[in-house]
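Notes to accompany the following structure.
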Amino acid sequence: MSQPDIPFPNSPVVPTMVSETHTIEFSCHKGIGCWNACCSNIDISLTPYDVLRMKTRLGITSTEFLKDYTVPYEMEKDGIAGIKFRPVEGGSACRFMKPEGCDIYTDRPTACRYYPVALLSMRKQDEYVDRESYAIVKEDHCKGHEVNRRITIADYRKEQGLVEYDDLARGWRQLVLKKKSSGPTIGKPSLRSRQIFFMACYDIDRFREFVFADSFAKLFELKPEERESFATDDAALLQFAFRFLRQVMFGEESIALNAEAAQERLAKVQEKRLIEEREAAKKRAMESEAEGADEGFD
């Protein structure tokens, strides 16, 4: 089994992994000595479902949310991107931190809900399904561990609303795990592939426009009830986005293709590739002729 992928890599995570039956002693509440300390210095990675919940809460589009509230980062060099919460201008505090606590508490991100637990996504060789395990985050400033309140991780996840959050982000975690597991076997993703991954995962409103475009409808055969749900149901569209990415990135076909349109598209791709190869060969020939001419003057 490979090393776990820790979703919050800079957190001080105790290396011992535990199961959901593990009991922790923890409580975070207003009045505790470290109240708002975590929110004063954030480094929060966001899941696609986090974006969906918060952009809906704020009444803005996913495109606006990404621009105003997040910063992208590379999960691996020249690979697919993740996003992090953008702190206050010129500082490190969460923009939703208030003296009384989180201003969007019912729609807070996964990382905030899990604290002081970290979800670890495990994978075996040649697998991409995630095997959930957990670790405990302990920071010197946190007084929550000193409170005599015992609760299992399973019950803590239910209490914090994490069952829904994890279910709706599982497809994304599996995509990330498979990409990391596949490594060079699928090659370096093109700029277009990285852009599509980013849009489908995080910019759900732009992805909806993409799905309802004539070119998409011509190539992919969607059931009428599916298209109808995608028009209004962000969560359903997000799960479809993960299916779409598995198909275009890894060839796992679950979305029917229009055979004629697919053949036409393949022919255009092959024609474009042939033109590029001819241009490259022409360029090499010209460079070779130039080198030969230079040698003639010696």
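Read-outs throughout are calculated quantities, based only on the coordinates presented, and are distinct from any laboratory measurement. Keep in mind that this is a model prediction, so the values were computed, not measured. Methodologically, a virtual Cβ is constructed for each residue, glycine included, from the backbone with ideal geometry; neighbour enumeration extends over all protein chains shown.
A few points about this structure:
- Each of the peptides 58-66, 170-178 was scored by the mean count of other Cβ atoms within 10 Å over its residues; in descending order, highest first, they stand as 170-178, 58-66.
- Remark on Thr70: its backbone amide H falls under 5 Å from those of Arg86, a criterion applied only to residues 5 or more positions apart or on other chains, H modelled at 1.01 Å from N.
- Within-12-Å neighbourhood charge of Ala37 [Cβ basis; K, R +1; D, E -1]: -1
- Pairwise label distance in nanometres, Asn258 with Ala231, each label 7 Å out on the Cα-Cβ vector: 1.9 nm
- Estimated FRET transfer efficiency (Ala217, Lys188; beta-carbon r; R0 22 Å; 0.05): 0.15
- For Ala37 and Gln247, the FRET efficiency from 1/(1 + (r/R0)^6), where r spans their Cβ atoms and R0 equals 51 Å, is about 0.70.
- Distant-in-sequence amide H partners of Leu257 (H built 1.01 Å from N, under 5 Å): Glu221
- Violating pairs (Cα-Cα greater than 27 angstrom) within the set Lys30/Lys138; Lys67/Lys218; Lys84/Lys158; Lys138/Lys179; Lys84/Lys223: Lys67/Lys218; Lys138/Lys179; Lys84/Lys223
- Cut-off under 5 Å, modelled amide H: who pairs with Val117 long-range: Val137
- Segments 161-168, 81-88, 27-34 sorted - mean Cβ within 10 Å per residue, highest first: 81-88, 161-168, 27-34
- Taking other residues whose beta carbon is less than 10 angstrom from the beta carbon of Met249, and scoring Lys, Arg as +1 and Asp, Glu as -1, yields +2.
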